[in-house]
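The values are calculated or read from the model by the stated rules, or taken from the named source; none is laboratory data. Here the structure is a predicted model, which is why all the values come from computation and not from measurement. In this analysis, Cβ positions are derived from the backbone assuming ideal geometry, glycine residues included, and neighbour counts consider all displayed protein chains. Areas reflect the complete protein model, heavy atoms only, side chains present, ligands, DNA and RNA absent. Shrake-Rupley method; radii C 1.70, N 1.55, O 1.52, S 1.80 Å.
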Amino acid sequence: MTAPTLNQVARTGERSSFLGRASGSPLMRLVARRLFVSILIVWAISALVFAMLAAMPGDVARNQAGMGASEEQVDDLRRQLGLDQPPVARYFLWLSAVFRGDFGSSLISGQPISTLVAERLPVTMELVLLAFVVSLAIAIPVAVLAARKPGGIFDRGVMVVSMTLLAVPNYVLALLLVVVFAVLLRMLPAIGYVPLSEGIIPNLISVTLPVAALAIPLAAFYTRFLRGDLVEVMNSQDYVETARSKGAGPWRVLWQHAFRNSSFGMLTIVGLNIGGLVGGTVIIEQIFAMPGLGVMLLQGALSGDSPVVLVCVIIFAAVAVGANLVVDLMYAVLDPRIRYGSH
Amino acid sequence: MSTMTPTVAAPDKGSQAVLKVKDLRVVFSRAGAPPLHAVNGLSYEVRAGRTLAIIGESGSGKSVSVRALMGLLPPSANITGSAKLFDTELIGMNEKAMRRIRGNDIAMVFQDPARSLNPTMSVGAQIGEAVRMHLRIGRKEVADRAVELLKLVRLPAAERRYHEYPHQLSGGMRQRVMIAIALAANPKVLIADEATTALDVTTQAQIMELLVDLQDRLGTAVVMISHDLALAASYADDVMVMYGGKVVEHAETKALFRSVRHPYTRALMEAIPQLGVPSHTTLRTISGEPPDLSVLPLGCAFRARCGNASDTCATEAPLLEESEPGYSYACWHPCRAEGDTSVLTVGASTKGEDIL
């Protein structure tokens, strides 16, 4: 059972180095190398989570068989589920099944996990992507406006509001949003998800509050970071003075010169936060009754459905690792110093 | 250059001053500290094609004084006096009008070319930006002009360098790019703020020769800021020495080096290392520290470090007075005008050649 698995891994490695050779460009080599490392990280996470789940107390087979089952029935079920094998063997069994496209089935509902994920992943991805875009769409213009006149009325207002929002945990914010927009104003639904297939507008309305709950604290954090970085660049960098001495106006100096340079620091922060954003969906989906991966993970964890938990955690990890991979590659694309390598 | 849009019309050429500064003062207000008197009454003129060197140590107010002209100082700076570009008053000008002057009529080259170019923008884009700010021309013409400027500053392989980034260039090449940026709109006044300080000696000479050559061809008035009196001796027509935000000596380069009068200028000259002096000879230095500009002394600012100081120096500040036409200094006890020229052997030169 071990052999094909290792083969698979080896082949993945081969493919990436082949990719590197095929394209002479340093960027493609970088992409190939980083992709290979990312796959290794996700694989390592799967092993770690598997080990943690295996170490969890409780007898899944006995729970599954029910209260009145005989010892024999429980043993049968244990064999059926493959739980009679040692954990290492079980892990490689699971891994080889994964490479065949079989993610196993839920211990509770018996449904294939791939089907469950296919239903739920789009919901979570929609929340994460929208929250990501919205947080940046708020943070970037607000930070630039605030940095235009540091210490001015707008800047001070932004600092106070963002500090307040940063201090509020997103689940508290979620409940406040529900109270205001769903209960008092009756503008938006408190719970429930309308799939995209039923129209884009109803879909967007249904995700507005959860997206807001995820995006607002993030936007506050990004705003503070970016504003601080912009002010720092504006005050300390000589090329800002060069730009001003050319006759460039304040907005041009901010966007073309300061923001361009602050965007690298911003990129790092955004990459680091994506893992947190994805993790945040677990609570937010629960509060707003979104049929997403987060709820699936939570229910799986509460009911001891370890195959479900394993797959959910791996997907979350893969999203976080993938986001950081994209961020790293963005550096290479955006920063000429990395793009061309140093002298 | 028919597309140029000069905001300040140059009247009849000749001896008229391009830039005329009169009694310029800059005071920085500071939170929780007494105000800082950075520049205390500065007056000078620069004519087209001429070079004025403003010499002084760190904190003497030389950089602040030129930034005041360009409106590049923070709002905490209170600027008074007058600075006229031809007939246009620069002090107190609103920011929008100032932006049309900056980079167009007055341009500046900064000290450290490694820091004064934007690392994320290509050389071409940074020159193009300066061109576009003041010339209403199309994209293609902007690019052509940028390449033309790179050739003007004698950057080898200009077409290729156009697409490169600052980190791909050497220090000297970067400073050439900075000069290209400064010359984008054919300025009347070019301010070189320690423009060669961060460069090695060979590159420094090349950049200075380039500036002199471009000045001859374009007729630009140059204000060169430096702490290096030897550099001024080689490349400036006039030298103005500043101490504690005031001018202590101001003369034509030749005259100044022939008969230095102010003890501070003399001390600066003695601090220049010289060929012909045995190695390991200790250089003369100026003891003490520059004056604290938050409490301006009653008398002469230099007296605490001056060998000639007397009681008068402590109570009355000497005024900058003309001792002969074109030569002025501010001192109660000046050094002797002629005779003692032991300190005047300064390095290679072009403009001050015959005297050294």
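Based on this model, can you work out whether A:Ala97 counts as more than 20 Å from the chain's Cα centre (by Cα) and crowded, with 19+ Cβ neighbours inside 10 Å?
In short, no.
Residues are listed down the side, and each one gets a yes or a no for (1) surrounded by fewer than 24 Cβ atoms within 10 Å (Cβ to Cβ); (2) assigned to a helix (DSSP H, G or I); (3) of a type in the set (A, V, I, L, M, F, W, C); (4) under 18 Å from the mean Cα position of the chain (by Cα):
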{"position": "B:Gln175", "(1), (2), (3), (4)": "no, yes, no, yes"}
{"position": "B:Met178", "(1), (2), (3), (4)": "no, yes, yes, yes"}
{"position": "B:Ala195", "(1), (2), (3), (4)": "no, no, yes, yes"}
{"position": "B:Val239", "(1), (2), (3), (4)": "no, no, yes, yes"}
{"position": "B:Tyr264", "(1), (2), (3), (4)": "no, yes, no, no"}
{"position": "B:Pro273", "(1), (2), (3), (4)": "yes, no, no, no"}
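Just checking, does the range A:118-132 include any residue being farther than 30 Å from A:Pro195 by Cβ and buried (at least 17 other Cβ atoms within 10 Å of the Cβ)?
The answer is no, given that none of the residues of the range A:118-132 is farther than 30 Å from A:Pro195 by Cβ and buried (at least 17 other Cβ atoms within 10 Å of the Cβ).
Hey, can you tell me all the residues within the range A:53-72 that are surrounded by fewer than 13 Cβ atoms within 10 Å (Cβ to Cβ) and of a type in the set (Gly, Ala, Ser)?
Those that are surrounded by fewer than 13 Cβ atoms within 10 Å (Cβ to Cβ) and of a type in the set (Gly, Ala, Ser): A:Ala55, A:Gly58, A:Gly66, A:Gly68, A:Ser70.
Residues of the range B:197-220 being of a type in the set (Val, Ile, Thr), farther than 16 Å from B:Leu52 by Cβ and either within 14 Å of the chain's Cα centre (by Cα) or within 12 Å of another protein chain (Cβ to nearest Cβ) (or both), which ones?
Once the filter is applied, which keeps residues that are of a type in the set (Val, Ile, Thr), farther than 16 Å from B:Leu52 by Cβ and either within 14 Å of the chain's Cα centre (by Cα) or within 12 Å of another protein chain (Cβ to nearest Cβ) (or both), the range B:197-220 yields only B:Thr197.
Out of curiosity, is B:Ala255 open to solvent by less than 40 Å² (accessible area, probe 1.4 Å) and either closer than 30 Å to B:Val153 by Cα or part of a loop (DSSP other than H, G, I, E, B) (or both)? Break it down stepwise before answering.
Working: open to solvent by less than 40 Å² (accessible area, probe 1.4 Å): yes; either closer than 30 Å to B:Val153 by Cα or part of a loop (DSSP other than H, G, I, E, B) (or both): no.
Considered against the rule, which asks whether it is open to solvent by less than 40 Å² (accessible area, probe 1.4 Å) and either closer than 30 Å to B:Val153 by Cα or part of a loop (DSSP other than H, G, I, E, B) (or both), B:Ala255 comes out as no.
Would you point out which residue out of A:Ala174, A:Ala219 is under 18 Å from A:Gly279 (Cα atoms), at pLDDT 90 or above and in contact with a Pro (Cβ under 9 Å, 6 or more places away or on another chain)? Working first, answer last.
Numbers: A:Ala219 fails: in contact with a Pro (Cβ under 9 Å, 6 or more places away or on another chain).
Only one candidate passes the filter, namely A:Ala174.
Taking the criterion of being open to solvent by 10 Å² or more (accessible area, probe 1.4 Å), of a type in the set (Lys, Arg) and on the phi > 0 side of the Ramachandran plot, would at least one residue in the range B:135-156 satisfy it?
Yes; the residues of the range B:135-156 include at least one that is open to solvent by 10 Å² or more (accessible area, probe 1.4 Å), of a type in the set (Lys, Arg) and on the phi > 0 side of the Ramachandran plot.
Determine whether A:Ser262 is more than 10 Å from every other protein chain (Cβ to nearest Cβ) and under 30 Å from A:Trp43 (Cβ atoms).
no
Identify, from the list A:Thr242, A:Thr223, the residue that is within 13 Å of chain B (Cβ to nearest Cβ), buried (at least 23 other Cβ atoms within 10 Å of the Cβ) and over 19 Å from A:Tyr171 (Cα atoms).
Every option except A:Thr242 fails the conditions.
Kindly indicate whether A:Asp75 is open to solvent by 80 Å² or more (accessible area, probe 1.4 Å) and more than 29 Å from the chain's Cα centre (by Cα).
Spelling it out, it is not the case that A:Asp75 is open to solvent by 80 Å² or more (accessible area, probe 1.4 Å) and more than 29 Å from the chain's Cα centre (by Cα).
Got a sec? Which of A:Leu214, A:Leu267 is more than 14 Å from chain B (Cβ to nearest Cβ) and part of a helix (DSSP H, G or I)?
A:Leu214
Quick one: in the range A:157-176, of everything that is of a type in the set (Val, Ile, Thr) and open to solvent by 50 Å² or more (accessible area, probe 1.4 Å), which residue is farthest from the chain's Cα centre (by Cα)?
This residue is A:Val160.
Considering each residue of the range A:177-209, count those that are open to solvent by 40 Å² or more (accessible area, probe 1.4 Å) and in a helix (DSSP H, G or I), and give that number.
Of the residues in the range A:177-209, 14 are open to solvent by 40 Å² or more (accessible area, probe 1.4 Å) and in a helix (DSSP H, G or I).
Among the residues of the range A:104-121, count how many are part of a helix (DSSP H, G or I) and in contact (Cβ under 8 Å) with a residue 24 or more places away in the chain. It would help to see each step written out before you state the result.
Keep residues of the range A:104-121 that are part of a helix (DSSP H, G or I), which gives A:113-121.
Right, trim to in contact (Cβ under 8 Å) with a residue 24 or more places away in the chain and you get A:113, A:116-117, A:119-121.
Qualifying residue count, the range A:104-121: 6.
What residue, of B:Arg217, B:Arg160, B:Arg266, B:Arg176, is out of contact with any Gly (no Cβ under 9 Å at 6 or more places or on another chain) and under 30 Å from B:Asn308 (Cα atoms)?
Values: B:Arg217 fails: under 30 Å from B:Asn308 (Cα atoms); B:Arg160 fails: under 30 Å from B:Asn308 (Cα atoms); B:Arg176 fails: under 30 Å from B:Asn308 (Cα atoms).
Of the residues listed, the single one that is out of contact with any Gly (no Cβ under 9 Å at 6 or more places or on another chain) and under 30 Å from B:Asn308 (Cα atoms) is B:Arg266.
Give the residue that is farthest from A:Asn235 (Cα to Cα), with candidates limited to residues of the range A:248-262 that are open to solvent by less than 10 Å² (accessible area, probe 1.4 Å) and among the small types (Gly, Ala, Ser).
Filtering the range A:248-262 for residues that are open to solvent by less than 10 Å² (accessible area, probe 1.4 Å) and among the small types (Gly, Ala, Ser), the one farthest from A:Asn235 (Cα to Cα) comes out as A:Ala248.
What are the residues in the range A:287-304 that are surrounded by fewer than 18 Cβ atoms within 10 Å (Cβ to Cβ) and either without any contact (Cβ under 8 Å) to a residue 24 or more places away in the chain or in a helix (DSSP H, G or I) (or both), if any?
Within the range A:287-304, A:Leu298, A:Gln299, A:Ala301, A:Leu302 qualify.
Which of the numbered conditions does A:Gly104 fail, given that it passes all the others? Conditions: (1) open to solvent by 30 Å² or more (accessible area, probe 1.4 Å); (2) out of contact with any Gly (no Cβ under 9 Å at 6 or more places or on another chain).
Condition not satisfied by A:Gly104: (1).
Quick check: is even one residue across the range A:325-338 open to solvent by 50 Å² or more (accessible area, probe 1.4 Å), farther than 29 Å from A:Leu209 by Cα, free of Cβ contacts under 8 Å to residues at least 24 places away in the same chain and part of a helix (DSSP H, G or I)?
Yes, the range A:325-338 contains at least one residue that is open to solvent by 50 Å² or more (accessible area, probe 1.4 Å), farther than 29 Å from A:Leu209 by Cα, free of Cβ contacts under 8 Å to residues at least 24 places away in the same chain and part of a helix (DSSP H, G or I).
Here's the yes/no breakdown for (1) at the interface with chain A (Cβ under 7 Å from one of its Cβ atoms); (2) of a type in the set (Asp, Glu); (3) farther than 18 Å from B:Leu218 by Cα:
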{"position": "B:Met98", "(1), (2), (3)": "no, no, yes"}
{"position": "B:Gln111", "(1), (2), (3)": "no, no, yes"}
{"position": "B:Thr120", "(1), (2), (3)": "yes, no, yes"}
{"position": "B:Ala146", "(1), (2), (3)": "no, no, no"}
{"position": "B:Leu152", "(1), (2), (3)": "no, no, no"}
{"position": "B:Pro156", "(1), (2), (3)": "no, no, yes"}
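Picking from B:Ser65, B:Ser43, B:Ser29, B:Ser82, which residue would you name as being more than 30 Å from B:Ser234 (Cα to Cα), at pLDDT 90 or above and among the polar types (S, T, N, Q)?
Just one listed residue meets the conditions, B:Ser29.
Can you give me the number of residues within the range B:136-158 that are in contact with a Lys or Arg (Cβ under 7 Å, 6 or more places away or on another chain) and closer than 12 Å to B:Leu183 by Cα?
The number of residues fulfilling the criteria is 2.
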